[in-house]
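Asks: Here it is, the structure, as C-alpha cells.
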Amino acid sequence: MAKKKKSSKKVKNIKLVAEKNEEAMVEGILEGSPDGIGVVIVRLECGCKKMAAVAKDGEPASKLIMYRDQAESICDKCKKDNGDYMRVTEAFIHWSKPEPSDSVKERINAKVLGNAPAVN
Ligand SMILES: [Zn+2]
C-alpha cells in the first residue's frame with residue numbers, strides 16, 4: 001500500500017516557464033552574455049518585465065533590461081520606481097541548456113531571488 005509520496009520540500013515548486021514572447025528576449029540576452037547560464041525573469045503587476053542574465057556564481061552577467069510587451073517603453077509607474085520589488089508578481093530563472101545541476105540552481109535561486117518578497 002505504497003502511497004505515492006510527493007517530496008514535500010518547503011520550497012514552493014511552482015514551475016514557472018518563460019512565455020513565448022519572453023523566450024525571444026531570453027535568447028537575445030544569453031547571446032549577448034557569454035557568462036550567463038540563465039536569465040532572471042521578473043514579472044511586475046503592471047505588465048512590465050525585468051530580465052538580466054545571471055552567471056554561475058549568481059552574479060549578474062548582463063545589465064538589467066526592463067521592457068513591456070507590445071509597448072515602446074515601460075509604464076509610468078516603472079519609470080518612477082524602477083519596477084519596485086513590492087510590485088513583483090513572479091520571479092524565476094530561466095536556465096539555458098544544458099541546465100546546471102539542482103544544487104547549483106538552488107544556490108543561485110537563493111542568491112538572486114532570495115530577497116524578493118513576491119517569490120513565495
Ligand atoms: Zn510597469
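Read-outs: derived from the displayed coordinates by stated rules, not from any lab. What you are looking at is a predicted structure, and each value in this text was computed from that prediction instead of being measured. For neighbour counting, all protein chains shown are included, and Cβ atoms are generated from backbone atoms with ideal geometry for every residue, glycine included.
Asks: Taking the stretch 96-120 as the region of interest, how many residues are surrounded by 12 or more Cβ atoms within 10 Å (Cβ to Cβ) and assigned to a helix (DSSP H, G or I)?
Replies: The qualifying residues number 12.
Asks: Taking interchain pairs and intrachain pairs at least six residues apart, which have beta carbon atoms under 9 angstrom, with the first residue in the stretch 39-66 and among the small types (Gly, Ala, Ser) and the second outside any strand (DSSP E or B) and within 16 Å of the ligand (Cβ to nearest atom)?
Replies: GLY47/ASP69; GLY47/ALA71; GLY47/CYS75; ALA52/LEU64
Asks: I need the strands (runs of 3 or more DSSP E) fully contained in the stretch 15-70, keeping only those with at least 3 residues that are surrounded by 15 or more Cβ atoms within 10 Å (Cβ to Cβ) and more than 16 Å from the ligand (Cβ to nearest atom).
Replies: Values: elements: 36-44, 48-55, 65-68.
Ranges flagged: 36-44, 48-55.
Asks: Could you check the stretch 72-95 and list, in sequence order, the residues that are part of a loop (DSSP other than H, G, I, E, B) and either surrounded by 18 or more Cβ atoms within 10 Å (Cβ to Cβ) or within 9 Å of the ligand (Cβ to nearest atom) (or both)?
Replies: Across the stretch 72-95, the qualifying residues are ILE74, CYS75, GLY83.
Asks: For the stretch 34-45, what are the residues that are farther than 18 Å from ASN109 by Cβ and in contact with a strand residue (DSSP E or B) (Cβ under 8 Å, 6 or more places away or on another chain)?
Replies: LEU44, GLU45 - these are the residues of the stretch 34-45 that are farther than 18 Å from ASN109 by Cβ and in contact with a strand residue (DSSP E or B) (Cβ under 8 Å, 6 or more places away or on another chain).
Asks: If you don't mind, there's one more thing I want to ask. Give VAL104, VAL88, VAL112 a once-over and let me know the one that is touching a residue at least 12 places away in the same chain (Cβ under 8 Å), under 16 Å from the mean Cα position of the chain (by Cα) and farther than 25 Å from ASP35 by Cα.
Replies: That would be VAL88, the only listed residue that is touching a residue at least 12 places away in the same chain (Cβ under 8 Å), under 16 Å from the mean Cα position of the chain (by Cα) and farther than 25 Å from ASP35 by Cα.
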